[in-house]
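So the structure is just underneath, and the comments pick up after that.
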Amino acid sequence: MDPRVAKLKSVEECENFAKNASERGHPELAVQARERAIQLLAQSHGAKLSVERECLEAIYALEDVRGRRASRTWQAVKRHGIIETVERVVSRPQVSEGFKMLDEAGLKDYAFENVVLRHLKSFSAGAVEISRQRLGNSTYKNASAASRSWIR
């Protein structure tokens, strides 16, 4: 991450930096600023474990791509907790719209399925297997940060 981006302390600073970077022809810096904003939002929840933080980052990345709040996901988090919510979403027979949107935006690394695979011990064997299958069938081909299309 660029040192200028790493120094950003608020979501508002990140959004302004991303806008300015895009306008000045530096999409890679704009992507970094958006990712920094996602990190700051997730940190504000006070997650104690890295798996919890990554799950929160996944929700915020989805909100950024969708351009609106993930209300039903947040309701599930409140009712069941962040880990159980991710487990439930990943274990559904149908691929979630969030997965599809993140995949199409080149942000599959933020998908719940990827979080599951990075934290195998936090999820059931079934969720791990479904995540492996979905990621193997995805159209995403490891796009570079500069080519991501999710910046508004």
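Values quoted throughout were computed directly from the atomic coordinates according to the rules given, and no laboratory measurement underlies them. What you are looking at is a predicted structure, and each value in this text was computed from that prediction instead of being measured. So basically every Cβ, Gly included, is an ideal-geometry build from the backbone, and we count neighbours across all protein chains shown.
Measure nothing fancy, just the Cα-based angle from helix 71-80's long axis to the longest principal axis of the chain, in degrees from 0 to 90, nearest 10. Its long axis makes an angle of about 50 degrees.
Here the residues Phe123, Phe112, ranked from fewest to most Cβ neighbours within 10 Å of their Cβ, fall in the order Phe123, Phe112. Which entry in (1) 72; (2) 43; (3) 59 is this structure's computed percent of Cα pairs over 21 Å apart? After the calculation, the listed value that fits is (2).
Which length gain, in nm to one decimal place, applies between Gln94 and Arg132 when the Cα-Cα distance is subtracted from 0.36 nm times their residue separation?
12.3 nm
Scoring 74-83, 12-21 by mean Cβ neighbours within 10 Å over their residues and listing the highest first yields 12-21, 74-83. Helix 11-23 and the long axis of the chain differ in direction by around 60°, with both axes built from C-alpha atoms.
Quick one: angle between helix 27-43 and the longest Cα principal axis of the chain, in degrees between 0 and 90, rounded to 10, please. Between the helix axis and the principal axis of the chain, the angle is about 50 degrees. With the simple model of a label 7 Å out from the Cα in the direction of the Cβ, Arg66 to Asn16 spans 2.9 nm. If you count Lys pairs in the chain whose Cα atoms are under 29 Å apart, skipping same-chain pairs closer than 8 places in sequence, the total is 23.
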